Amino acid sequence: MTESINIMRHESIFNPKEYPYPIHIIGAGATGSRVFAALVELGITDLHVYDDDVVEDHNLANQIYGVDDINEPKVNGCIAFARHKLGIVPEGMEAYNRRVTDGYLRNGGVAGGIVFLLTDTMASRREIVAGLHRRCHSLGSAAASAPLLVIETRMASTHGSIFTLNLFDDELYKQWRSTLVDDDDEDSIELSPCGTALSVGTTASLIANYAVWQMMQFFVDPVGLQPRVDLFFKPTLTMTMSAIAA
Amino acid sequence: MAIRTDQISIDDVIRIRERMLAPTPVFSTDWHGTSFSDLTRPPTPEEDALSRMTLGECQRHIGNATTQIRNSAFQYHDDSYHILVAQPLIPETFNPDSPIDPDYIQTLTLTLQQIKNRRDQLLNEQEYDMASYITNTSASTGTTTSRPQVSIFGTTAQSRPARHTMFQMKQNSHEIELRALREKYPREAFNYDFAHPMRHVFGDLRDQFRSHYKSLRRLTAARSAILTAAPKDRKYLKFLMENMFSSRDLVYLLAQVADVQSTRTYRDTVETFYELRNEKMRYMDHKRRYGRLQAEHNQQAAMIRQKPERYISIDVKQVADTIATWDHVWGVEFYISNADKAVYLRVGLCNIRMEESSPESAYSNPESILLAPFYITVKLSAIGKATCPTRDGNTLGLSRNNNPGHCAYDIHPHQLSDQPCFGSFGQTLVDQANNGDLISYVGTLIAFYSQYNSQDSAGVAAQYYHPSHIHLFENSESYTTSMLSGMNMYRQEPVIHLEKLEAAISAYGEYHAQCCAVCERIEIAQNHICYSCDEMSVGDDDEYYNDNNMNRICSGCWMDHYCSDCERHIDACRCEPEDEE
């Protein structure tokens, strides 16, 4: 396809051209892949997705990948989605088939912009956010690569949470750290038969889109941004909080 | 040189005769081209130089020659004009056997009339080109084009390759946005940097406290050693400690009965301790109240810093042409330096009248003060920073102090060093420079030069720019020449309104004479306020003291901050209060 098309009809609500910041999606699983899809549809092209996993057959139920993507890296599946959606892979859209570690962050990876933290373990969350938080307190080029916002989600089968972190705020960071549980705590984390966290596609979709809305809210009206939103679907209930933890 | 006829051969006679009969080989003013006879012989250096002279160069030479002739003793008689002509560097020049003089700069003597002829020739060529352009355009489109405005001191009429007039600049918009962002938050939110831990924030203060505390422990240990030492060892201890402690400490160490709390070391330690403690408490309080705001600010600031930088292209020629039309401008020149990555804009100003800008003037009779014509230079860098250098001929006008009666850079009370002190104009100028708005920048500069603030430490000297204080230039012609030379420094075809400049210089001379005749000097009103507190009246009828600089100090400040033996009581003062002596 060579003809240029414009798929956007939402510029009056959110025009991505006005916010020329890179968007990083760390983890392309149930929530991450859907966040990626939502951002592509929003018209954001400066997208960077990180994941070291491959698509398996059971991922098709709750992630955006298709049959053709099985046994392929998940990030390749994301790029294939963008190509299928837009006809091309926009310039600036990058896929990294790797795990984001503290060493990678120290070498300047995941620089600036908005970070969607959608990994599958608490330990990786703790490690990545600590590395990003360190940049907010440093000087020089490292400070310039500090993230503007970190959006992190937690998901169970019928409920989930979205955390919106301003890492320049030490108090908020401290509160967020207190919400992290141990990966081995089976009371807190629902596990699927294969041992990973249980997820339902519709729940993942709702949480992913709410997370993207948090990003849009941050750009359009940061004052109204809530640092924590809890969603319950059985029964339906939405709780927003002005602080992550009391 | 006389020629002896007996040495001339028949061939020489024939050659001379042919030359006499041939058309005069002067430089042709015929705009259709050089005559055939001229092509049969190599051109003379003068003709060669004239043939390569562009219209802009002609205009510059005519301007300079006119000025020189006016200033010379042989007014209106001597029309010879010496110019330096740069011969092109060609490979043969570097050959040792080449007949071409390697000294490629040579001086030629051209008459003013020759240069004028060359100028007319170029103008005619241009007119011819324009006429053919109009003819062609009319034939094809049916429209007509007006003839370009050409004048000696005009702004257009280029015959050489187009001059590079575009200047690309990176807008420093981040700085403007960051400042605007900072203004949204209360000032207290930035008293401390909450992004750093407290031990870093108060590191210096803590080190200071530790140092004082160490001194105090050392002092008390020494006192203890003296008190417990055997009487026979005591005099050796005294000798030892005289080299280790100050005389002030020795008073305490050697006294029979002494309280450590009365020593300065103790006092300094306690004061530093309380200061550190109070600062920490204030830090905690501010962090609780403003920590969230500062975090928000830092987040927004990071957003601004991560935005892509914007570039703009400035048509400096257009800027110069616009500025040249202003009333107070007698000349404009610019130069784009690739080496400095900056544009230099030189603006000649005239009829600038300084007005008092302070609501409460320090002068008993504040009045406007006319400044002699001068010029300034603006240097705008490619990263959106602008400076107004004054030295090295970048600013020139009637000097007040550096070179009385002649030109120097001290032309304004707020211009005493290599950069004018812009005061309240500073931020506006910074913003305009960041945006690359050169026209507004120059406009603000004119506003700046049109005022003085007598309440300012530098502006209070504005009275010395009044004609009753300042020396008039000794020679208006040489002053004009200095102005024109400065404006011609870049040799980039400046726009010069010579009549306006001459009229302004003449008007200033009359103004100066008139003011001197009236002889009303502006004087500073004596308010006699305490030099220390700037509040208490210390008039002749009030009680006051004089410090070493003969400033009047009120009795309260004298008791609190001064002592009779030193100039001013400061932290480093070595004097002891009288009760401790």
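Here are a few things to note about the model shown:
- Solvent-accessible area buried by A and B, counting both chains, probe 1.4 angstrom, square angstrom: 1400 Å²
- Rolling a 1.4 Å probe over the heavy atoms of the protein chains gives region B:224-333 an accessible area of 60 Å² per residue.
- Classification of region A:27-162 by its C-alpha gyration tensor yields a prolate form. The axis ratio a/c (a ≥ b ≥ c) is 1.5 or more, and a/b outweighs b/c.
- For region B:175-290: relative contact order, % (alpha-carbon pairs under 8 angstrom, 6 or more apart): 40 percent
- Cα gyration tensor shape of region B:230-356, rounded if a/c is under 1.5, else prolate or oblate by comparing a/b with b/c: prolate
- Too-long pairs where the Cα-Cα distance tops 31 Å, listed order kept, from B:K184/B:K307; B:K307/B:K341; B:K280/B:K307: B:K280/B:K307
- Interface burial in region B:184-215, defined as at least 30 Å² less accessible area with all protein chains than with the chain alone at a 1.4 Å probe, covers B:A195, B:H196.
- Interface residues of region B:286-330, defined as those losing at least 20 Å² of solvent-accessible heavy-atom surface relative to the isolated chain (probe radius 1.4 Å), are listed as B:R292, B:A295, B:N298, B:Q299, B:Q300, B:A302, B:M303, B:Q306, B:K307, B:P308.
- Nitroxide proxy distance, nm - points 7 Å out along Cα→Cβ at B:K238 and A:R134: 6.1 nm
- Spin-label pair A:D52-B:E367: with each label point 7 Å from Cα along the Cα-Cβ axis, the two points sit 8.5 nm from one another.
- Inter-chain neighbour count for A:158-170: the average number of beta-carbon atoms from partner chains within 10 Å of each residue's beta-carbon is 3.
- Charge tally for B:K170 (other residues, Cβ to Cβ under 11 Å; Lys, Arg +1; Asp, Glu -1): +2.
- Per-atom-type breakdown for region A:19-245 gives carbon and sulfur 51% of the accessible area (1.4 Å probe, protein chains only).
- Per residue, the accessible area of region A:19-245 comes to 43 Å² when a 1.4 Å probe rolls over the protein heavy atoms.
- Nearby lysines by direct alpha-carbon distance to B:K235 (threshold 26 angstrom, same-chain neighbours under 8 apart not counted): B:K214
- Computed over region A:19-245, relative contact order equals 20 percent, with contacts defined as Cα pairs under 8 Å that lie 6+ residues apart.
- Given in Å, the Rg to one decimal and the Dmax to the nearest whole number for the Cα atoms of region A:19-245 are 16.6, 49.
- Additional length obtainable on full extension of the chain from B:D321 to B:R264, 0.36 nm per residue less Cα span: 13.7 nm
- Surface share of carbon and sulfur [accessible, 1.4 angstrom probe, percent] for region B:316-440: 48 percent
- Gain in span if fully extended, B:S417 to B:E355, counting 0.36 nm per residue against the direct Cα distance: 20.2 nm
- The GluC sites (Glu not before Pro) found in region A:63-165 that occupy coil by DSSP, while having at most 16 further C-beta atoms within 10 Å, are A:E91.
- Three-way shape label, region A:1-98, alpha-carbon gyration tensor, a/c 1.5: prolate
The values are calculated or read from the model by the stated rules, or taken from the named source; none is laboratory data. In this text the structure is predicted, and so the values were computed from the model without any measurement. No Cβ is skipped: glycine too gets one built from the backbone with ideal geometry, and neighbour counts run over all protein chains shown. Accessible surface is based on the protein model in full, side chains and every heavy atom, while ligands, DNA and RNA are left aside. Shrake-Rupley method; radii C 1.70, N 1.55, O 1.52, S 1.80 Å.
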